[in-house]
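Note sheet for the following structure.
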């Protein structure tokens, strides 16, 4: 039987690349999406292999996550890997404290921090049975405190700390790691100002942005290759913290 991976936010550019890396290496992929079902169907159609599926899920809704996990176990599906890729943000200048409203702050924390925890909590049993692996997608912003807004940076830092806590709590049965991309060349980034984008490339020692596939390959390595690693964060940032 093929190994099974569950990827939240799998219909986005980064999530799709992660799904593709896993499917290309023999995984049966189940991806979740909050909206844009047509994008989810396009991702499914692009994946090699068979048996892949998409599930509508609002990861900010813990009850919906629990119901999804209950159905998963009733269907007796294994779970070898859980990738928490779903996330949210909005551009707010760091100096604009009033622009970062309580509502936005809470929504970011709900989706970027609480949701990965809720997913792990709900799917702990099948992960434990499979001696599975959890990979949380964070960001270089956790280290640099530079990103789309202050709450976003804080949320990614919190998720990396939570990754270490979960790794300790769930060992030895479940490994938990984080993958922290720098700026990734997705459709989201393509829509940003060219001068800003060029500046980010120039400040990165490898002098380019990450390709989504490179992040997907890092996730695959965390799951398949780094089998004696847990509680760590893998940087996929081109050495950006070394730049000016």
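Read the figures in this text as sums done on the coordinates, not as results from a lab. Remember, predicted model here, so these are calculated numbers, not experimental data. Counting neighbours? That spans all protein chains shown, and the Cβs are built from the backbone with ideal geometry, glycine included.
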Legend entry - Which of 146, 88 has the fewest Cβ neighbours within 10 Å, and the rest in rising order: 146, 88
Legend entry - Normalised per residue, the volume of the convex hull around the Cα set of the chain (Å³): 122
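Could you tell me which of rounded, prolate or oblate describes the range 1-81, using a ≥ b ≥ c as the square roots of the eigenvalues of the alpha-carbon gyration tensor, with rounded for a/c under 1.5 and, failing that, prolate when a/b is larger than b/c and oblate otherwise?
oblate
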Inset, instruction - Find the eigenvalues of the gyration tensor of the Cα atoms of the range 16-134, then list the square roots of 5 times those eigenvalues as equivalent ellipsoid semi-axes, largest first, in whole angstrom. - result: 28, 18, 13
Inset, instruction - Kindly put 156, 199 in sequence by how many other C-beta atoms sit within 10 Å of each C-beta, fewest to most. - result: 199, 156
Inset, instruction - Fewest Cβ neighbours within 10 Å first, please rank 117, 68 accordingly. - result: 117, 68
Inset, instruction - Give the Rg (one decimal place) followed by the Dmax (whole number) of the range 161-244, computed from C-alpha coordinates and expressed in Å. - result: 15.2, 47
Inset, instruction - Please work out the C-alpha center-to-center distance from the range 18-63 to the range 190-222 and express it in whole Å. - result: 23
Inset, instruction - Mind giving me the nanometre distance, one decimal, between the label points for residue 169 and residue 221, set 7 Å out from Cα along Cα→Cβ? - result: 2.8
